[in-house]
Amino acid sequence: MAKILVIDDEADLLEMMRLVLQQRGGHQVVLSAEGHDGLAKAMSSPPDLAIIDVMMPGITGYEICRQLRANPDTASISIMILTARAQPMDRDAAIAAGADDYMTKPVIMAELLERVNALLERRTEQPPGLSGTFALMSLRGGVGVTTLAVNLAAALTQTRAETVCLVDLCPSSGHVALHLGLRPEPNWSAIIGTGDASALDAESIATYLLQHSSGLRVLASPFVPLAGQGVSQKAVMAVFNILQQQFSTIVVDAPSTLDGATMAVLEAASALGMVLTAEPPSLQTAIGTLRALSQWSPKLHAIVNQVTPGPQLPAEAIARALKHPVAATIAFDPSQARALAQGTPLALGSSDSPLAQAARSLVQAFGR
Amino acid sequence: MREKLSSAWLVGDFFTYRHRLSGRVDVRYNKLAAQLNDPTSSFLELEDAYVSNVEHPADIVASYTSAIFRKDNITAVVIANQEDGLLREQTYGSYFGTYLRELFITVPSFEITGYIRLSGKMDLRTVLTTGTDAFIPVLDGEMRSSIRPEVFFTGGAILVNKNQIGVFCLEAEKE
């Protein structure tokens, strides 16, 4: 039996919800006919699942959703948006606000009960949150490192949004912010780029973190590529030391170089995800990377990305070539192009998509 | 257990030149199409109106407990279920002897595609000028922003204001 909070200003619908969810579904149901009241009820006694109408006087369901996600006590509850606004962009808006599912009115009660039970099941199946620093990297560009880093971080926010920070360390205009629909201002150029780490503390670093609507915090890289001497190893490590005290989980989109700063981050990481594709140049680069990073072999996970149907090297052959096990194989997901254009990672916007599922399996792979 | 929660209210998306208003209309006594086509009233009342700009149609910028439209300024109304957008006499059994024709319509800010149900020989001028109905139903319609084509709305029925139509095109009849 789960505790379900329903917030909707339609009295008839509330009563029907109580009948269906309580009597047929066997759940404990709390009703609220007013948005602010519903939000207060959720904050004071967090439910397992909240079903929220969008169009309510005083506060919209989207805003309630955002406030629930921003509060550590309610950030991990499952949220279903229920609305008569039935257009595709309304679904995207609901997901961007932090909803796990979206359903349109009029409601078919059998379908509602099915979707509610599926959400509750998914909640119990969710992998536990990871603790530590996880760096994704590849010395060959274009293999989807940023996409995986963003979706891994997004998947982790589903359980503990308030404790996850995503760091874009790429000095040549990294794209993490773009994937999240954020403007990369502020970014780390003022602290890492200059190498002036002496005055850094938790408070000053917090001012450089972007806040995504999912609750994820982001340290973005500058839009304009950093020219010159590169990033300062000393400053990078100062930033990481502070971030590790503030966040239990840090996901790093590491640059395609093994300079001093990158090596320091890789050393500090609990696990490394080396991303490659099933094509000879990428495989060759991965073999070389494994040799260069042989000292960290036990914590290094090979991830074969963008696997398409057809004649390609199987994972077993790749593992033989690498002389290293393949921790995860991720299928090419054509919906990623749309997700990038919309600035909503698939792990947040389309939780059933192959890439979102792969991101959740990465959480488990790193957890091992 | 397939019951639908229905009520005396119909929720729809109402579009003017620049805005999307989502809200509900009282349809206890008159279907929406009948209210829109009622020549004795120039206005339409909406309850719980949520306002968005058509440029950012998912962002709710304001909400009001009631709103009144001047019907001649409504460009179109998007309704999820086809039957909710039709007149009573256009629904049950009335499709005998009729056929569907694919169409393309332009109205201010939008391009609309879908189907129109016709009977007998088709004459575009007849569709646009004959009869007192101000709104024509486009079935299985899609309404796409002319300026931002990635913004579109779909519905079982789109009720289009005839007076706002710029271009009305029909596909050739299919055998």
Selection from the range A:1-24 of residues that are in contact with a Pro (Cβ under 8 Å, 6 or more places away or on another chain) and of a type in the set (Lys, Arg):
A:3
Can you tell me which residues in the range A:319-357 are under 19 Å from residue A:175 (Cβ atoms) and among the aliphatic types (A, V, I, L, M)?
A:330, A:337, A:339, A:340, A:341, A:346, A:347, A:348, A:355, A:356
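Taking the range A:53-105 only, how many residues are away from chain B (no Cβ under 13 Å) and assigned to a helix (DSSP H, G or I)? So that I can check it myself, show each step before the final result.
Taking the range A:53-105 and keeping what is away from chain B (no Cβ under 13 Å), we get A:67-80, A:98, A:100-101.
From the residues that got through so far, the ones that are assigned to a helix (DSSP H, G or I) too are A:67-70.
Residues flagged as away from chain B (no Cβ under 13 Å) and assigned to a helix (DSSP H, G or I) within the range A:53-105 amount to 4.
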Do the conditions hold for residue B:62, that is, is it buried (at least 16 other Cβ atoms within 10 Å of the Cβ), more than 16 Å from the chain's Cα centre (by Cα), over 30 Å from residue B:131 (Cα atoms) and within 13 Å of chain A (Cβ to nearest Cβ)?
no
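Restricting to helices (runs of 4 or more DSSP H) lying wholly in the range A:231-330: which have 1 or more residues that are within 30 Å of residue A:200 (Cα to Cα)? Before the answer, list the steps.
Values: elements: A:233-246, A:260-268, A:280-292, A:315-322.
Filter on the range A:231-330 gives A:233-246, A:260-268.
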Among the residues of the range A:18-52, write down those that are in contact (Cβ under 8 Å) with a residue 60 or more places away in the chain, surrounded by 14 or more Cβ atoms within 10 Å (Cβ to Cβ) and within 14 Å of chain B (Cβ to nearest Cβ).
A:20, A:21, A:25, A:51
Would you mind stating whether residue A:14 is in contact with a strand residue (DSSP E or B) (Cβ under 7 Å, 6 or more places away or on another chain), within 11 Å of chain B (Cβ to nearest Cβ) and of a type in the set (A, V, I, L, M)?
yes
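Being of a type in the set (Lys, Arg) and in contact with a helix residue (DSSP H, G or I) (Cβ under 7 Å, 6 or more places away or on another chain) is the filter here; which residues of the range A:233-273 pass it? Give the derivation first.
Residues of the range A:233-273 that are of a type in the set (Lys, Arg), as a first pass: A:234.
Once the filter is applied, which keeps residues that are of a type in the set (Lys, Arg) and in contact with a helix residue (DSSP H, G or I) (Cβ under 7 Å, 6 or more places away or on another chain), the range A:233-273 yields nothing.
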For the range B:27-59, which positions are at the interface with chain A (Cβ under 10 Å from one of its Cβ atoms) and touching a Leu at 6+ places or on another chain (Cβ under 6 Å)?
B:49
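Taken together, the values in this text are just the output of simple stated rules run on the coordinates, not laboratory data. Fair warning: this is a prediction, and the values are worked out from it, not measured in the lab. Cβ coordinates were reconstructed from backbone atoms using ideal geometry, including for glycine residues, and neighbour counts include every protein chain displayed.
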